[in-house]
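Following: one structure in structure tokens, then a few remarks.
The values are calculated or read from the model by the stated rules, or taken from the named source; none is laboratory data. What you see is a predicted model, and the numbers here were worked out from it, not measured in a lab. Cβ placement follows ideal geometry from the backbone for every residue including glycine, while neighbour counts extend to all protein chains displayed. Ligands, DNA and RNA are stripped out before the accessible areas are found, and what is left, the full protein with its side chains, is counted by its heavy atoms. Shrake-Rupley method; radii C 1.70, N 1.55, O 1.52, S 1.80 Å.
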Amino acid sequence: MRYLIFSDIHGNLEAFDVLLRFAAKKKIDHYVCLGDLVGYGASPNEIIRKIRTLKPLWVVRGNHDKAVSGQESIETFNPIAAAAIRWTQKTVTKSHAEFLNKIPRGPRSVDGLFTICHGALFDEDYYIFGEFDADEAFDYMPTPLCFFGHTHFPFLYARKGEHVTGEYMDGGETERKLEKGVAYLINPGSVGQPRDRNPQAAFAIFDSDRQTIRFYRAPYDIAAAQKKIHKAELPPALAERLAVGI
Ligand code: ZN
């Protein structure tokens, strides 16, 4: 089985369309979304509509999905993120808001093969940054393989015995073979708002038969996404950051 693993789309239709075009050319059996469908970008309805058509789909909610659907207070967000959430709340259709509201919280098990969450297994809003966080997260893993999002950085953490290593997957197409006896905690990066100074959309494919994970980066029409953000009168900083990948 081939699983397309993606996260943090954040209402960026131009980036998501590139991912869908890519998926159409590959043999994808399952779609796995690690949350934050909306927030920041100017196309929340289009993203939700397209994600709802993906089958079979495994999805967990992100903190922006929760905030837009009113399950979390906007107070925890910085002013720019909060402004985008208020704009998204006004913009999403009732049916799409209901869909967001019903997205399950992580962690979730996928086919008994691996586990998915937005932030961490012990707290869906926790950011796993670095080996210290990863080490704690490994203790909660019900399967030797877990995918997470939320940080917008493509990363592969591995624990062999007591030893934890972290590898930043720094762009380009990169494949890693998963070894037996090693636990993995993997972030595919962000589709719609990468923050690792590489502005290209990030995602990954997990092949369960070959036991490989392959990371991808894909260019997309950033100027078009920026134009929509300006037209929607969202904070201009949200457009600027897309060009530099922060
Ligand atoms: Zn996010």
Quiz item: Once you put a point 7 Å from the Cα of E136 and another 7 Å from the Cα of T174, both along the Cβ direction, what distance in nm separates them?
Solution: 2.5
Self-check item: Alpha carbon centroid spacing (whole Å) that separates the range 24-78 from the range 165-185
Solution: 25
Practice problem: Take M1, M169 and sort them by solvent-accessible surface of the protein heavy atoms, 1.4 Å probe, largest at the top. | Solution: M1, M169
Quiz item: How would S95, S208 rank on accessible area, largest to smallest, probe 1.4 Å?
Solution: S95, S208
Quiz prompt | Per-peptide average of other Cβ atoms within 10 Å, ordering 28-35, 143-150, 188-195, 214-221 highest first | solution = 188-195, 143-150, 28-35, 214-221
Practice problem: Would you kindly derive the ³J(HN,Hα) couplings of the range 52-57 from the backbone phi angles with the Karplus curve 6.51 cos²θ - 1.76 cosθ + 1.60 (θ = phi - 60°), listing them in order in whole Hz, with x for Gly and Pro? | Solution: 5, 8, 6, 9, x, 10
Exercise. Residues in the range 191-219, backbone N under 17 Å from the label point at V244 (7 Å along the Cα-to-beta-carbon vector): list them, ranges by number please.
Key: 193-200
Self-check item: Debye log10 I(q)/I(0) at q = 0.19, 0.23, 0.27 Å⁻¹ for the range 54-97, Cα point scatterers
Solution: -0.60, -0.80, -0.97
Exercise. Provide the solvent-accessible area of L178, counting protein heavy atoms only and rolling a 1.4 Å probe, rounded to the nearest 10 Å².
Key: 20
Exercise. Kindly express, to the nearest 10 degrees and within the range 0 to 90, the angle between helix 79-91's C-alpha long axis and the longest C-alpha principal axis of the chain.
Key: 70
Quiz item: Given a cut-off of under 8 Å on Cα pairs at least six residues apart, what relative contact order in percent is computed for the chain?
Solution: 23
Quiz item: Which percent of Cα pairs goes in each bin when the distances of the range 2-244 are cut into 5 angstrom slices starting at zero?
Solution: 1, 7, 15, 20, 21, 17, 11, 6, 2, 0, 0
Quiz item: With every protein chain present, what is the per residue accessible area of the range 16-156 (1.4 Å probe, Å²)?
Solution: 43
